[in-house]
Amino acid sequence: METRLLALARRIDPAARSTSRPERLSGGANNETWAFDVVAPSGTLPLILRRKAGDGSGIRAPGDPDDASIAPETEAEVLRSVAAAGVPVPAVRAVLEPADGLGRGFVMERVPGETRPKRLLHDSAFADARRAVLHDCGRALAALHAAPVSALPPLRVTSAAAELALWERRWRAHRGARPVFELALRWLHAHLPATPARPVPLHGDFRTGNLLLDARGLRAVLDWELACVGDPMADLGWFCVASWRFGELDAVAGGFGPLDDLLDAYRAAGGVADAERVRYWEVLGTFRWGVMCLDMAEAWRTGRDRSVERTAVGRRASETELDLLRLLAPRR
């Protein structure tokens, strides 16, 4: 791998002399992430290699028609497009080619910062970042949602009705009996927005864990493999799902603070926010995450991915039931 990375590095910088030993980073359900440095006379360039998992692992079965993830080549195009719109993302330096012998993926600059929610939400070193991050996120989402769809590569176009149908279908495929999930489905059908939103570019997985922060605030939005086109409130609602608050349940916006602070920043940057619609996407997102947890358990049971992570996350379907009850039947 080091030999192949050096050849790739010389495509980025012909004067590259060597590369550091690549280090695989944790996280990611369908993609591998490797950190490495390129050493050249001009200095050291820290990079990230992001590529499709080569071992067939992942929460989706190969060929799954409901797999919404985009190809890594498309993800690289998305990053370049949203960067031009003012969204903070790592700069793409190269897209893998067959001759590179590294599979399918791309190389981007490694931005310094932290993604681990436990540190971001509790470490005193990030106190200033926590005060700034909702403003930063509101501005980043407003810039993304204002970007012209025509500037993006072709992406899946979706809506609240389409997403509800997708995740209900995936839930039925498990043939389980979870009354709370059925309660959520009844509510989601009854409160489906009557008017479809104007479709805009979406991140598709905007949440704590995919945000890179330094001591001052947001540095980059990562992991664009679920980018699509749809209702802008979908990104805000997904950010509010309780699982992405990592125990800070009263801090609705990603565990960082009040939803109103996020919506105010979004509006100040030119976005049009609808709190009621955000709530709908929060409920749908919570249901979606519950089904995704079941998908991960199934990936372990079928042998596609025998990692401890899959079983640990698979158990959390019950946690999403509690989150749904807190949303739909709160105790006063």
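The values are calculated or read from the model by the stated rules, or taken from the named source; none is laboratory data. Predicted, not measured: the structure shown is a model, and the values here were computed from it. Positions of Cβ are backbone-derived with ideal geometry, glycine not excepted, and every protein chain shown enters the neighbour counts. Accessible surface areas use protein heavy atoms only, side chains included; no ligands, DNA or RNA. Shrake-Rupley method; radii C 1.70, N 1.55, O 1.52, S 1.80 Å.
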Original post:
Which whole-number percent is the relative contact order of region 138-258 (Cα, under 8 Å, 6+ apart)?
Top reply: 26
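Once the convex hull of the alpha carbons of region 209-298 is built, what does its volume come to per residue, in cubic angstrom?
Roughly 123 Å³ of hull volume per residue.
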**OP:** Grab the beta carbon distance between Arg116 and Arg198, set R0 = 35 Å, and tell me the FRET efficiency rounded to 0.05.
**Re:** 0.50
Original post:
At His189 and Ala71, where each label point lies 7 Å from the Cα along Cα→Cβ, what is the point-to-point distance in nanometres?
Top reply: 3.8
Subject >> Thr302 versus Ala53: modelled label distance in nm, points set 7 Å from Cα along the beta carbon direction >> reply: 1.2
Subject >> Potential lengthening between Ala83 and Asp128 on full extension [0.36 nm per residue; Cα-Cα distance subtracted] >> reply: 13.7 nm
**OP:** Would you be so kind as to identify which of Leu45, Thr311, Pro258 lies farthest towards the positive end of the dipole of the chain, taking Lys and Arg as +1 and Asp and Glu as -1 on Cβ and the Cα centre as origin?
**Re:** Thr311
Original post:
How much accessible area does Met1 have with a 1.4 Å probe, in Å² rounded to the nearest 10?
Top reply: 80
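Give me the number: length gained by fully extending Ala146 to Asp264, i.e. 0.36 nm times residue separation minus the C-alpha to C-alpha distance, one decimal in nm.
40.9 nm is the gain from fully extending Ala146 to Asp264.
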Original post:
Tell me, what is the per residue accessible area of the chain in Å², probe radius 1.4 Å?
Top reply: 47
**OP:** Could you pull out every whole DSSP H run in the chain that spans at least 24 Å of Cα extent along its own axis and averages -0.5 or higher on the Kyte-Doolittle scale?
**Re:** 127-146, 275-301
Original post:
Under a point spin-label approximation (7 Å from Cα along Cα-to-Cβ), what is the Ala7-Ala215 distance to one decimal in nm?
Top reply: 4.3
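Defining a contact as two alpha carbons under 8 Å apart and six or more residues distant in sequence, what relative contact order in percent does the chain show?
Relative contact order here is 17 percent.
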**OP:** Provide the convex hull volume over Cα atoms per residue for the chain, in Å³.
**Re:** 142
Original post:
So what is the 222 nm mean residue ellipticity for the chain from helices alone, if each DSSP H run of at least 4 adds -39500 (n - 2.57) and you divide by all residues, rounding to the nearest 500 deg cm²/dmol?
Top reply: -13000 deg cm²/dmol
**OP:** Could you order peptides 134-144, 209-219, 322-332 by the average number of other Cβ atoms within 10 Å of their residues, highest first?
**Re:** 134-144, 209-219, 322-332
Original post:
Percent of accessible area on the chain owned by carbon and sulfur, 1.4 Å probe?
Top reply: 52
**OP:** Take each of the peptides 75-82, 4-11, 15-22, average the number of other beta-carbon atoms within 10 Å over its residues, and list them starting from the highest.
**Re:** 75-82, 4-11, 15-22
